[in-house]
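Novice: Questions regarding the structure given below will be posed in turn.
The values are calculated or read from the model by the stated rules, or taken from the named source; none is laboratory data. The shown structure was predicted, so the numbers you read here are calculated from the model rather than taken from an experiment. Methodologically, a virtual Cβ is constructed for each residue, glycine included, from the backbone with ideal geometry; neighbour enumeration extends over all protein chains shown.
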Amino acid sequence: MKTVSIPLFPLGLVLFPGGVLPLRIFEPRYLTMIGECMKNGSPFGVVLATPGADSSQKGGFHTVGTLAQIEDFDQLEDGFLGVTSRGTSRFSVQDFYLQDDQLIVAEVEILNIEEQEEAQAAEVAKMTTFLRKLSEQEDLKDWAETLRPDWSNQHWISCRLSELLPLSTDSRQALLEMSSGKRLTKLSKVMQENNMI
């Protein structure tokens, strides 16, 4: 099993591959992290923090997260650093340690998306149509402009639906941890139950 070493950023949200994540950075440890990532062109890992837990401790964050690649940055009016990053691959944390500056560095295994089972074509077609219509809505214009559409890719479709549907954060995390095929099957069930498709 091959692992890579990456800094972790525990947040109160779930980032999916292909999703865009805008951040306001002000803590010194994360300013340093962003600087290193920009200098080296390397990603950082976004993991969902466990509510009420110390994210630097075992159990303080979920162990399946998403790599984030920095795409843009600028100085905000409030003096904070604004960073735009995009999710790439899912990963699983195998081990981690705390640096002196309290930044979490983890050994992670990159999770391959090829373990997906093919979902039902008819269901996927309905879900894709639903997502296309959503992307054309005026109130989702900002989100739609960040897209790099890949309408024939089931993995991409499942990730976009997971981030857009009105789901709890825990439900999103559970979806992130699934293979693409299982994620589509679960989403299809939820959408049918709510008369979306």
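Novice: Going by the structure shown, is Q173 outside the structural domain of E71 (by TED's automatic domain parsing), of a type in the set (S, T, N, Q) and farther than 29 Å from I34 by Cβ? Give the steps one after another, and end with the answer.
Specialist: Details: outside the structural domain of E71 (by TED's automatic domain parsing): yes; of a type in the set (S, T, N, Q): yes; farther than 29 Å from I34 by Cβ: no.
Considered against the rule, which asks whether it is outside the structural domain of E71 (by TED's automatic domain parsing), of a type in the set (S, T, N, Q) and farther than 29 Å from I34 by Cβ, Q173 comes out as no.
Novice: Any idea which of (1) closer than 17 Å to E163 by Cα; (2) in contact with a helix residue (DSSP H, G or I) (Cβ under 9 Å, 6 or more places away or on another chain); (3) surrounded by fewer than 16 Cβ atoms within 10 Å (Cβ to Cβ) is the one P22 doesn't satisfy?
Specialist: With (1) closer than 17 Å to E163 by Cα; (2) in contact with a helix residue (DSSP H, G or I) (Cβ under 9 Å, 6 or more places away or on another chain); (3) surrounded by fewer than 16 Cβ atoms within 10 Å (Cβ to Cβ) applied to P22, the lone miss is (2).
Novice: I'd like the full set of residues that are without any contact (Cβ under 8 Å) to a residue 60 or more places away in the chain and out of contact with any strand residue (DSSP E or B) (no Cβ under 9 Å at 6 or more places or on another chain), limited to the range 58-103.
Specialist: Of everything in the range 58-103, those that are without any contact (Cβ under 8 Å) to a residue 60 or more places away in the chain and out of contact with any strand residue (DSSP E or B) (no Cβ under 9 Å at 6 or more places or on another chain) turn out to be G59, E77, G79, D100.
Novice: Next question. Of the residues G41, G35, which is small (G, A, S), in the same structural domain as D74 (by TED's automatic domain parsing), closer than 15 Å to D74 by Cβ and surrounded by fewer than 17 Cβ atoms within 10 Å (Cβ to Cβ)?
Specialist: The unique qualifying residue is G35.
Novice: Taking R148 as the residue in question, decide whether it is touching a residue at least 60 places away in the same chain (Cβ under 8 Å), touching a Gly at 6+ places or on another chain (Cβ under 9 Å) and not assigned by TED's automatic domain parsing to the domain that holds H62.
Specialist: On the way: touching a residue at least 60 places away in the same chain (Cβ under 8 Å): yes; touching a Gly at 6+ places or on another chain (Cβ under 9 Å): yes; not assigned by TED's automatic domain parsing to the domain that holds H62: yes.
Yes; evaluated as a whole, the condition is true for this residue.
Novice: While we're here: P51 fails exactly one of the following numbered conditions: (1) surrounded by fewer than 20 Cβ atoms within 10 Å (Cβ to Cβ); (2) in contact (Cβ under 8 Å) with a residue 60 or more places away in the chain; (3) under 20 Å from L176 (Cβ atoms). What is the number of that condition?
Specialist: (2)
Novice: It is to be established whether one or more residues within the range 71-81 are surrounded by 12 or more Cβ atoms within 10 Å (Cβ to Cβ), outside the structural domain of R172 (by TED's automatic domain parsing) and small (G, A, S). Outline the logic, then answer.
Specialist: Within the range 71-81, the subset surrounded by 12 or more Cβ atoms within 10 Å (Cβ to Cβ) is 71, 73, 76, 80-81.
Next cut, outside the structural domain of R172 (by TED's automatic domain parsing) only: 71, 73, 76, 80-81.
Now restrict to residues that are small (G, A, S): none.
No: the range 71-81 contains no residue that is surrounded by 12 or more Cβ atoms within 10 Å (Cβ to Cβ), outside the structural domain of R172 (by TED's automatic domain parsing) and small (G, A, S).
Novice: Only one residue in D78, D54, D101 is touching a helix residue (DSSP H, G or I) at 6+ places or on another chain (Cβ under 7 Å), part of a loop (DSSP other than H, G, I, E, B) and either under 26 Å from S158 (Cα atoms) or of a type in the set (D, E) (or both). Which one?
Specialist: The match here is D101.
Novice: Follow-up. Tell me, which residue of the range 24-48 that is without any contact (Cβ under 8 Å) to a residue 12 or more places away in the chain and assigned to a loop (DSSP other than H, G, I, E, B) is farthest from S179 (Cα to Cα)?
Specialist: Quick first cut of the range 24-48, residues without any contact (Cβ under 8 Å) to a residue 12 or more places away in the chain only: 27, 35, 39-41.
Those still in the list that are assigned to a loop (DSSP other than H, G, I, E, B) too: 27, 41.
On the way: E27: 34, G41: 28 Å.
Checking each candidate, the answer is E27.
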